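> Before I ask anything, here is the structure I am working with.
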Amino acid sequence: MKADQEKVIRLLKTARGQLDGLLRMVEDDRYCMDISNQLLATQAILKKVNKEVVQAHLGDCVREAFQRGNEEEKIVEIMELLDKMAK
């Protein structure tokens, strides 16, 4: 992985902590809207991690593939990812 590994790890650990907190909130039968807000915050962190990973992929792996003439595989890969993100 070419992304800033320390940043990605830190963000994922934060998301994991939020997930643990969410589990406690559900177990404690907390207010639905509080749980929903925490879910949105966790999703935002995961989106940020994904952006970091995809940006690094584009900046390194995809650029390298284009330089070697293997761009078609990477274009298909990115299109599949965009399709998943659009759902």
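The values are calculated or read from the model by the stated rules, or taken from the named source; none is laboratory data. What you are looking at is a predicted structure, and each value in this text was computed from that prediction instead of being measured. Counting neighbours? That spans all protein chains shown, and the Cβs are built from the backbone with ideal geometry, glycine included. Each accessible area value is taken on the protein alone, full model and side chains, heavy atoms only, with ligands, DNA and RNA left out. Shrake-Rupley method; radii C 1.70, N 1.55, O 1.52, S 1.80 Å.
> I need the full set of residues from segment 2-31 which are over 27 Å from A86 (Cα atoms) and open to solvent by 100 Å² or more (accessible area, probe 1.4 Å), in order please.
Answer for segment 2-31, where residues must be over 27 Å from A86 (Cα atoms) and open to solvent by 100 Å² or more (accessible area, probe 1.4 Å): E6, L23, R24, E27, D28, D29, R30, Y31.
> Report yes if K2 is out of contact with any Phe, Trp or Tyr (no Cβ under 6 Å at 6 or more places or on another chain) and assigned to a helix (DSSP H, G or I), otherwise no. Write out each step before concluding.
Values: out of contact with any Phe, Trp or Tyr (no Cβ under 6 Å at 6 or more places or on another chain): yes; assigned to a helix (DSSP H, G or I): no.
No; evaluated as a whole, the condition is false for this residue.
> Report every pair of residues separated by at least 6 positions or lying on different chains whose Cβ atoms are under 6 Å apart, first residue within segment 1-21 and at pLDDT below 95, second surrounded by fewer than 16 Cβ atoms within 10 Å (Cβ to Cβ).
Partner pairs satisfying both residue conditions: K2/D60; A3/V53.
> Report every pair of residues separated by at least 6 positions or lying on different chains whose Cβ atoms are under 8 Å apart, first residue within segment 41-58 and under 23 Å from D20 (Cα atoms) and of a type in the set (K, R), second in a helix (DSSP H, G or I) and open to solvent by less than 40 Å² (accessible area, probe 1.4 Å).
K48/L11
> Here's another thing I want to ask about it. For segment 25-76, enumerate the residues that are closer than 27 Å to T14 by Cβ, more than 19 Å from the chain's Cα centre (by Cα) and acidic (D, E).
Selection gives E27, D28, D29, D34.
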